[in-house]
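Enquirer: Following this message is one structure expressed as structure tokens.
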Amino acid sequence: MSWLRRNLVVIAGLCTLAYLIVPNIVVTVFSFNNPTGRFNYAWQEFSLDAWKDPCGVADLCGTLSLSLQIALWSTIGATVLGTMIAFALVRYRFRARGAVNSLIFLPMAMPEIVMAASLLALFLNMGIELGFWTILIAHIMFCLSFVVAAVKARVLSMDPRLEEAARDLYAGPVQTFVRVTLPIAAPGIAAGALLSFALSFDDFIITNFNSGNTVTFPMFVWGSAQRGTPVQINVIGTAMFVIAVLVVVAGQFISSRRQKSAKP
């Protein structure tokens, strides 16, 4: 019992990690399956057919490309706007600053279906045709809060004396921002951008309400699950998971290298 008490936190952490990783392992394993029917829910035999032809299912790669485009543009839009809003909320004092701060974080607390229905009503009342642009606007709107939260936390932790030292050394406002402020805030900006990309690419509820006849990859997966799930969906999911892991590992490696090089 004493050993269990000493290692309880480690055991709980490992159980939580396993709970998060097991579904991804199942998806990866079944990407090598060769099901006999329409549904890829029971293991039959090992096969590389789906990996050899990941676009073998009609419209799968088209919807994947569309989701990647929407995620990319929404990430750019949300990151630029969210970074400026975060700096404004931290560095400046203006009327209704508290109200703006609360409204910015409201989408994080609001249920997705409420936001989806609200945006749909807005677009219909304005006479905007549902499709790519309505999805993009909706994604930028709900990703904005997460970027502001990530960047704001980083900006709040910044030491203002560093910028003051740059100005004392005759650096202009632009040079101070580019050489001092932006590199310090970069980890928060990168975190917000990566989170925005993941949320946008994975979103279904808001997209389903505001897509019209446009079909994204999550909507394709949902529709396929009713008729039969092709193995290629597991292949795409596995590839996205591996890419995400590689990005995280690369980020950790670069960060550790920089910390080692910064030490005297």
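The values are calculated or read from the model by the stated rules, or taken from the named source; none is laboratory data. Values in this document were obtained by computation on a predicted structure and should not be read as measured data. For neighbour counting, all protein chains shown are included, and Cβ atoms are generated from backbone atoms with ideal geometry for every residue, glycine included. These accessible areas exclude ligands, DNA and RNA; they are computed on the full protein's heavy atoms, side chains included. Shrake-Rupley method; radii C 1.70, N 1.55, O 1.52, S 1.80 Å.
Enquirer: Mind checking the dipole of the chain: about its Cα centre, +1 per Lys or Arg Cβ, -1 per Asp or Glu Cβ, Debye to the nearest 20?
Expert: 1180
Enquirer: To continue, here is another question. Grab the Cα-Cα distance for TYR41 and ILE184, subtract it from 0.36 nm times how many residues apart they are, and report the gain in nm with one decimal.
Expert: Residue separation times 0.36 nm, minus the Cα-Cα distance, leaves 46.8 nm.
Enquirer: Continuing with this model, one more query. Express the Stokes-Einstein translational diffusion coefficient of the chain in µm² s⁻¹, to the nearest whole number, given a Kirkwood radius over alpha-carbon pairs, 25 °C and a viscosity of 0.890 mPa s.
Expert: Once the numbers are plugged in, D ends up at 113 µm²/s.
Enquirer: Show MET108, MET219, MET84 ordered by accessible area, largest first, where the area counts protein heavy atoms only and the probe is 1.4 Å.
Expert: If we order MET108, MET219, MET84 from most to least accessible, we get MET84, MET108, MET219.
Enquirer: Can you bin every Cα-Cα distance in the range 76-122 into 5 Å intervals starting at zero and give me the percent of pairs per bin, rounded to whole numbers?
Expert: Percent of pairs per bin, in order: 5, 17, 20, 23, 20, 11, 5, 0.
Enquirer: Over the C-alpha atoms of the range 1-93, what are the Rg and the largest Cα-to-Cα span, Dmax, in Å?
Expert: My reading of the Cα-based Rg and Dmax gives 22.5, 64 Å.
Enquirer: Turning to a different aspect of this structure: Taking the solvent-accessible surface of protein heavy atoms with a 1.4 Å probe, what is the per residue accessible area of the chain in Å²?
Expert: Here the per-residue accessible area is 62 Å².
Enquirer: Among MET126, ALA186, MET115, whose Cα lies farthest out toward the positive end of the dipole of the range 86-195, if unit charges sit on the beta carbon of Lys, Arg (+1) and Asp, Glu (-1)?
Expert: Sorting the options by dipole projection puts first ALA186.
Enquirer: Could you tell me which Cys residues in the chain have no other cysteine's Cβ under 4.7 Å from their own Cβ, answering none if every one has a partner?
Expert: Singleton cysteines: CYS15, CYS143.
Enquirer: While we're here: Under the 0.36 nm per residue contour assumption, what length would be gained going from the current alpha-carbon distance of ASN101 and LEU130 to full extension?
Expert: Gain in length upon complete extension: 7.5 nm.
Enquirer: Something else about it: Hey, any idea what % of the range 169-254's accessible area is carbon plus sulfur with a 1.4 Å probe?
Expert: 75
Enquirer: Can you order the peptides 147-156, 28-37 by their average number of other Cβ atoms within 10 Å per residue, highest first?
Expert: In descending order of packing, they fall as 147-156, 28-37.
Enquirer: OK, next. Starting at the first residue of the range 52-69, write each ³J(HN,Hα) from the Karplus equation 6.51 cos²θ - 1.76 cosθ + 1.60 with θ = phi - 60°, in whole Hz, x for Gly and Pro.
Expert: Running phi through 6.51 cos²θ - 1.76 cosθ + 1.60 with θ = phi - 60° gives 6, 9, x, 9, x, 8, 4, 6, 5, 5, x, 5, 5, 4, 5, 5, 5, 5 Hz.
Enquirer: Who wins for biggest fluctuation among ALA185, ALA198, ALA18 in a Gaussian network model of the chain, springs between alpha carbons below 10 Å?
Expert: With Cα springs under 10 Å in the chain, the top fluctuation among ALA185, ALA198, ALA18 is at ALA18.
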